1. For a quick check: sort 60, 105 by the number of other beta carbons within 10 angstrom, fewest at the front.
2. Using 0.36 nm times the number of residues separating residue 176 and residue 144, minus their current alpha carbon distance, what extension gain do you get?
3. Just to be sure I understand, if you calculate Rg and Dmax of the Cα atoms in Å for this structure, which of (i) 16.3, 47; (ii) 18.4, 59; (iii) 20.9, 71 do you get?
4. Report the net charge of residues surrounding residue 181, where surrounding means a beta-carbon distance below 14 angstrom and charges are Lys +1, Arg +1, Asp -1, Glu -1.
5. Out of the DSSP beta bridges found with both residues in region 80-203, what percent are antiparallel (nearest 5)?
6. Quick one: work out the % antiparallel among DSSP beta bridges in the chain, nearest 5.
7. Could you work out the relative contact order of the chain, using alpha carbon pairs under 8 angstrom and six or more residues apart, expressed as a whole percent?
8. Taking amide H atoms as placed 1.01 Å from N in the peptide plane, list the residues 5 or more away in sequence, or in a different chain, whose amide H sits under 5 Å from that of residue 218.
Amino acid sequence: MIAVDDKAGSALTWAIEVQGLAKSFGNYHALRDIDLKVKKGERLVIFGPNGAGKTTMIKLLSTLSKPSAGKIRLDGIDISNDPVQVRRKVSVVSHETFLYDSLTLYENLKFYGRMYDVPNLECRISEVASQMQVESRLYDRVGTLSRGLQQRASIARAVVQDPSIMLLDEPEVGLDPHGVIMMRDALDILDHPDRTVVMTTHNLEQGLNMSDQVVILDRGKLVYEALRHEIETENFQEIYDRCTRMSK
């Protein structure tokens, strides 16, 4: 985050700015009038039950879907004005790997690297494979990897372009406990003061442990927002239950 003296007439710089955001599918309102800001380099975790609008939010932030109303600015760029530039700054990780099972991990990383014109691509592939501890499996077909290794490979794919914003949509789905630990370790390795992370999850404990800022969505509405240091871990389940119950 870059903060400058207001007396000089400058404003705070945010990685993500959402204003009046809404998304409808016919008569169904997936998101309603969302206002949200995330500081550069921080981790926002979005909680909420099924149907709350979490995945819709990720799709809108990643430009995979267009809002029905409102504005989104990523790194100061209005996504409606320059979605191509935004896509070069953003990567998505979900329970789907977005990898080609019949190709090796190396071939997948090379494909995505070329798509984003990554300089010194061979060195970058070696670097991210080492970071994710999958270098010994680079020349194995992705379909032969365990679920946990596939998710590590998916994170390698997402960071090969060195994104400034990472969006994670319930990345722990389908992972066994060991796989979840592998994923969390991988994200810790990639922690960078200039990289902003937004993650959706159902896992309250895991999400709190990975967050700087927390929000709860329910039925398309933002029903709770707080900084992590303001939350007492032992009380958060009660807060979550109360907020989701009250919004119905």
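1. On the way: 60 24, 105 28.
Lowest to highest Cβ neighbour count: 60, 105.
2. Numbers: separation 32, 0.36 × 32 = 11.52 nm, distance 1.70 nm.
Gain on extension, residue 176 to residue 144, equals 9.8 nm.
3. Of the listed options (i) 16.3, 47; (ii) 18.4, 59; (iii) 20.9, 71, (ii) comes from this structure.
4. Working: positive: 147, 152, 184; negative: 172, 176, 185, 188, 205.
Net of charged neighbours comes to -2.
5. Working: 1 of 11 bridges.
The antiparallel proportion sits near 10 percent.
6. Details: 23 of 42 bridges.
The answer is about 55 percent antiparallel.
7. On the way: 468 pairs, mean separation 63.4, N = 248.
Rounded, it is 26 percent for the chain.
8. For residue 218, the qualifying residues are 223.
No lab work stands behind these numbers, since they all come straight from the coordinates. All values derive from a computational prediction rather than experimental measurement. Backbone-built Cβ (ideal geometry, glycine too); neighbour counts: all protein chains shown.
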